[in-house]
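Here's the structure, in structure tokens; my notes come after.
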Amino acid sequence: PGWLLSPPGRPYLDSILHKGRRRVFGLLERPALPPALAVPTVSYKVFLSGRSGVGKTALVAALAGTPAPPAHHETLGIEATTVYWPAKPRASARPVLFQLHFWD
């Protein structure tokens, strides 16, 4: 569980942070890793649906490291957010980079 804060995991964490905060990546961007640390990227699409005003947009903002909207407003259509998260599965010797596409 503490791999991301350990010395082997720190370069992966630094690739997704900017000035101590999670970096927001555009649609065609991804974290830059040195060639020696290149890892496979596993992509998932996460679709959030539910009743209005329950906190779907606030949840995605918290996971993406961006500020949540201060006042409630209905999301029109679909808002897509991409989040990268490095992890080292217990059954694997190599880390992977999860690319999570949140559709809110």
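The values are calculated or read from the model by the stated rules, or taken from the named source; none is laboratory data. Quick caveat: nothing in here was measured; it's all calculated off a predicted structure. For neighbour counting, all protein chains shown are included, and Cβ atoms are generated from backbone atoms with ideal geometry for every residue, glycine included. In case anyone asks, the SASA skips ligands and DNA or RNA and just uses the protein heavy atoms, side chains included. Shrake-Rupley method; radii C 1.70, N 1.55, O 1.52, S 1.80 Å.
Here's the yes/no breakdown for (1) open to solvent by 50 Å² or more (accessible area, probe 1.4 Å); (2) more than 25 Å from residue 95 (Cα to Cα); (3) part of a helix (DSSP H, G or I):
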residue: 12; (1), (2), (3): no, no, yes
residue: 32; (1), (2), (3): yes, no, no
residue: 39; (1), (2), (3): no, no, no
residue: 45; (1), (2), (3): yes, no, no
residue: 52; (1), (2), (3): yes, yes, no
residue: 57; (1), (2), (3): no, yes, yes
residue: 71; (1), (2), (3): yes, yes, no
residue: 82; (1), (2), (3): no, no, no
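Filtering 39, 60 for residues that are in contact with a strand residue (DSSP E or B) (Cβ under 8 Å, 6 or more places away or on another chain) and closer than 15 Å to residue 103 by Cα leaves a single hit, 60. Annotation: residue 77 fulfils all but one of (1) in a loop (DSSP other than H, G, I, E, B); (2) within 18 Å of the chain's Cα centre (by Cα); (3) loosely packed, with under 15 Cβ neighbours inside 10 Å; the unmet one is (2). Sub-6 Å Cβ pairs linking a first residue in the range 1-29 that is of a type in the set (S, T, N, Q) to a second residue that is open to solvent by less than 100 Å² (accessible area, probe 1.4 Å), at least 6 apart or interchain, are 15/31; 15/33, ordered by first then second residue.
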